[in-house]
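Engineer: Supplied in structure tokens, the structure appears directly below.
The values are calculated or read from the model by the stated rules, or taken from the named source; none is laboratory data. Note that the structure is predicted; figures quoted are calculated from it, not measured. In this analysis, Cβ positions are derived from the backbone assuming ideal geometry, glycine residues included, and neighbour counts consider all displayed protein chains. Only protein heavy atoms, including side chains, enter the accessible area calculation; ligands, DNA and RNA are left aside. Shrake-Rupley method; radii C 1.70, N 1.55, O 1.52, S 1.80 Å.
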Amino acid sequence: MSTLKKTIWSVLKEYSIITVGLLLYVLGWTVFLVPNNMIGGGVTGAAAIIQYATGGLVKAGYTYFVVNILLLVAALYVLGKGFGVKTVYAIAVVSYGLNLFQAILPSELLSSLAQENGPLMCTLMGGIMTGVGIGLTMSQGGSTGGTDIVALIVNKYRDVSPGRMILTMDVVIILSSMLIPSYTADGLLMPISGKITRLVLGLILIVVNSTALDLFLTGSKQSVQLFILSQKDEEIAQMISDEFRRGVTILHGEGWYTKNPIRVVMVLTRKTDMSSLLKRVRQMDPNAFISVSNVTGVYGQGFDVIKQARKKLKQD
């Protein structure tokens, strides 16, 4: 396969995964959260609050698009061109999807999936779907923008953790819902007791969303270590290097029982690649002996990077 074809395939694969993640995110909101007048953090949460306050006249997608475009312009001005095409693509897909799915999803489907399951269950299901959706997007270098951009802008001038900044903004957005009237899809004004319930569920939504996101990203980055004993060690090592682009180490040893010299192929790879790698090894040598073990962390050479805490410089 030529370099150009590999590049095109890689880009198509990235954007396909990003699109699936964005669709999960949008469906989490439009199927489980919006029908129950749920609120959440980020720009989407603020857009939902405005939609409820206007009785559905201003759809969440419009607010999401306008706010994110303004934030994107600010980010390009303050942070430079670090935010690329993927962020713009994500903003466009989510903005359009929030309005489209609210218009085309049948009310019977929303009733059976959302309203009949109750607000708490919808909070859990919506939080999981949106968290996994963001995780899929981030795993391919994408970003949904929103409060992430604000946090990075503030972090450039103040020594404030982006994670703490995002959490603070999410809490402020959810608390602000108490000051703004909220109307249901039937045009009824939500009572104060209902708004308090939605506020508590919104805080739960933040926890569920962040937990699902962390679990997904941790699982996708988990690595494994393989020891492969085979008579075709050279062919297997070359295959791993060529097809999986992973470094391979040959360990020289001796079988204790046979006293024969042996060579062991050792490789570290992502857990997501393990099944494909095992299948290829079995194809090359069905009698290969393979040991697989999880590793806590792998740093450098295409894996994770050791992050050093920034030291705050004090001026006299």
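Engineer: GNM on the chain, C-alpha springs below 10 Å: top fluctuator among Glu234, Glu116, Glu254?
Structural biologist: Glu254
Engineer: After finding the eigenvalues of the alpha carbon gyration tensor for the chain, what semi-axes result from the square roots of 5 times each, listed largest first in whole Å?
Structural biologist: One finds semi-axes of 46, 23, 19 Å for the chain.
Engineer: Label points 7 Å out from Cα along the Cβ direction at Leu57 and Leu100: separation in nm?
Structural biologist: 2.7 nm
Engineer: What FRET efficiency do you get for Glu108 and Ile196 if R0 is 35 Å and r is their Cβ-Cβ distance, rounded to the nearest 0.05? Walk me through the numbers before you get to the answer.
Structural biologist: Working: r = 30 Å, r/R0 = 0.85.
With a Förster radius of 35 Å, E is 0.75.
Engineer: Share of the chain's accessible area from carbon and sulfur, percent, 1.4 Å?
Structural biologist: 63 percent
Engineer: About its Cα centre, what dipole magnitude does the chain give when the only charges are +1 on Lys and Arg Cβ and -1 on Asp and Glu Cβ, stated in debye to the nearest 20?
Structural biologist: Computed about the Cα centre, the dipole is about 760 debye.
Engineer: Filter the chymotrypsin sites (Phe, Trp or Tyr not before Pro) in the range 243-294 to those in DSSP coil with at most 16 other Cβ atoms within 10 Å of their Cβ, and list the result.
Structural biologist: Phe244, Trp256, Tyr257
Engineer: So what's the angle, to the nearest 10 degrees on a 0 to 90 scale, between helix 147-157 and the longest Cα principal axis of the chain?
Structural biologist: 80 degrees
Engineer: Using the Cα centre of the chain as origin and beta-carbon charges of +1 (Lys, Arg) and -1 (Asp, Glu), tell me which of Met129, Met266, Met169 is placed farthest towards the positive end of the dipole.
Structural biologist: The one lying farthest along the dipole's positive direction is Met266.
Engineer: Quick check for me: using +1 on Lys/Arg Cβ and -1 on Asp/Glu Cβ, what's the dipole size of the range 217-297 about its Cα centre, in debye to the nearest 20? Don't skip to the answer; put the middle values down first.
Structural biologist: Values: 11 positive and 8 negative charges, 61 e Å.
Computed about the Cα centre, the dipole is about 300 debye.
Engineer: Have a look at Ala237, Gly118, Ile69 and report the one farthest towards the positive end of the charge dipole of the chain, computed about the Cα centre with Cβ charges (Lys/Arg +1, Asp/Glu -1).
Structural biologist: Ala237
Engineer: Can you give the calculated 222 nm mean residue ellipticity of the chain, where each DSSP H run of n ≥ 4 adds -39,500 (n - 2.57) and the sum is split over every residue, rounded to the nearest 500 deg cm²/dmol?
Structural biologist: Working: 11 runs with 183 residues, N = 316.
Counting only the DSSP helices, I get -19500 deg cm²/dmol.
Engineer: Between Gly40, Gly146, Gly118, where does the largest GNM mean-square fluctuation fall for the chain, given springs only between Cα atoms within less than 10 Å?
Structural biologist: Gly118
Engineer: Separate question: Can you give the alpha-carbon Rg of the range 101-209 over 2.2 N^0.38 Å, where N counts its residues?
Structural biologist: With N residues counted in the range 101-209, Rg over 2.2 N^0.38 Å equals 1.25.
Engineer: Build a GNM of the chain with springs between Cα atoms under 10 Å: which of Asn287, Asn37, Asn209 gets the top mean-square fluctuation?
Structural biologist: In this elastic network of the chain, the residue with the biggest mean-square fluctuation among Asn287, Asn37, Asn209 is Asn287.
Engineer: Provide the FRET efficiency to the nearest 0.05 for the Gln283-Val88 pair, computing r from the beta carbons and using R0 = 51 Å.
Structural biologist: Efficiency, from the Cβ-Cβ distance: 0.75.
Engineer: To the nearest 10 degrees, how steep is helix 42-53 against the longest Cα principal axis of the chain, on a 0 to 90 scale?
Structural biologist: It works out to around 30 degrees.
Engineer: Against the longest alpha carbon principal axis of the chain, how many degrees, from 0 to 90 and to the nearest 10, is the axis of helix 3-27 turned?
Structural biologist: 40 degrees
Engineer: How much accessible area per residue does the chain have, in Å², with a 1.4 Å probe?
Structural biologist: With the other protein chains kept in place, the chain gives 58 Å² per residue.
Engineer: Within the set Lys232/Lys271; Lys232/Lys259; Lys13/Lys279; Lys59/Lys86; Lys86/Lys232; Lys5/Lys59, which residue pairs have Cα atoms separated by over 31 Å?
Structural biologist: Cα-Cα > 31 Å for Lys86/Lys232; Lys5/Lys59; rest within.
Engineer: A follow-up question, please. For the range 38-152, what size does the Cα cloud have along each of its three principal axes, sorted from largest down, in whole Å?
Structural biologist: Principal extents (largest minus smallest coordinate, Cα): 47, 31, 23 Å.
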